[in-house]
Amino acid sequence: MKLIVGLGNPGAKYEGNRHNIGFMAVDEIHRRHSAFQPWRARFQGQVSEGRLGSEKVLLLKPSTYMNESGRAVGEAMRFFKLEPADIVVLYDELDLPPAKFRMKTGGGHGGHNGLRSITAHIGADYRRLRLGIGHPGDKKLVSNYVLGDFAKADRDWLEPLLTEIADNAGLLAEGKDSQFANKLTLALEPEKAQRKPKKEPSGEGDAAAGKPKGQSHIRQARQPKPVNVPKSGPMAEMLKKLLGGGER
């Protein structure tokens, strides 16, 4: 059994909040995978059991409000005798720009009250999918910002992000976090994933391809420069003797 937890606050009042992006992601997984059962109340939250590929999975949305999320997660973990590595928590991240994401295992809570609560109940070694929502620019504005709804313009990046998370959730269930991150990057940032390889050092690549080798600026500087040879006078006579005689 694997546990995929979305963080947020329960109730219609909070549905569209930035703080609820974890709920949104888990809802999208549930919506796009028919193997999951209807939501029901359990473990101080809303849960749905199902399968992602060969893995049995429990989706969990704590109903305890954000600051007490760890109560629900801890209860489900103990019931199924899970390890922290079996748990993935999806949540909003102020320190990432909107549409960006990061996978990590363990670490601090970074001031996020949901993580703070979960760590207090199960330790810090669970896996995290951090979903960027951006920062309002002033700490005094954070509370209103995270408890504010996403703007209509945010749909342009939010919907594709949630879709890709749901479509690749099987990799999360299998513990293949790096492959999951690569899949999302390919889908959401193809220009980043398809960067051109660096050019080889000057000359080497061309030579291997059968092209004439280019010259570096150092080699060019070492090329002999034309010398002005005097045509008359004592110096001209001396050079004629050294170089083999007179005119031809």
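Quick one: Kirkwood hydrodynamic radius for segment 119-165, alpha-carbon pairs, angstrom, one decimal?
Every distinct Cα pair counted, the radius reaches 13.3 Å.
For segment 61-199, give the percent of accessible area contributed by carbon and sulfur heavy atoms, probe 1.4 Å, rounded to a whole number.
Whole-percent figure for carbon plus sulfur exposure: 49.
Cα-Cα over 32 Å: which of K104/K139; K56/K104; K56/K140?
Violating the 32 Å Cα-Cα cut-off are K56/K140.
With the cut-off at 1.5 for a/c, could you classify segment 1-136 from its C-alpha gyration tensor as rounded, prolate or oblate?
The shape class here is rounded.
Could you give me the percent of Cα pairs per 10 Å distance bin for segment 82-127, shortest bin first, beginning at zero and ending with the bin that holds the maximum distance?
25, 58, 16, 0
Please give the per residue accessible area of segment 21-157, computed with a probe of 1.4 Å over protein heavy atoms only, in Å².
49 Å²
Order 22-32, 166-176 from most to least packed using the mean count of other Cβ atoms within 10 Å.
Descending packing order for the listed peptides: 22-32, 166-176.
Mind grabbing the base-10 log of I(q)/I(0) for segment 60-162 at q = 0.16, 0.21 Å⁻¹? Debye formula, identical points on the C-alpha positions, no solvent, two decimal places.
Relative scattering, expressed as log10 I(q)/I(0), comes to -0.75, -1.16.
The values are calculated or read from the model by the stated rules, or taken from the named source; none is laboratory data. Just so we're clear, the structure is a prediction, and the values are computed from it rather than from any experiment. Backbone-built Cβ (ideal geometry, glycine too); neighbour counts: all protein chains shown. What goes into the accessible areas is simple: the full protein's heavy atoms, side chains included, and nothing from ligands, DNA or RNA. Shrake-Rupley method; radii C 1.70, N 1.55, O 1.52, S 1.80 Å.
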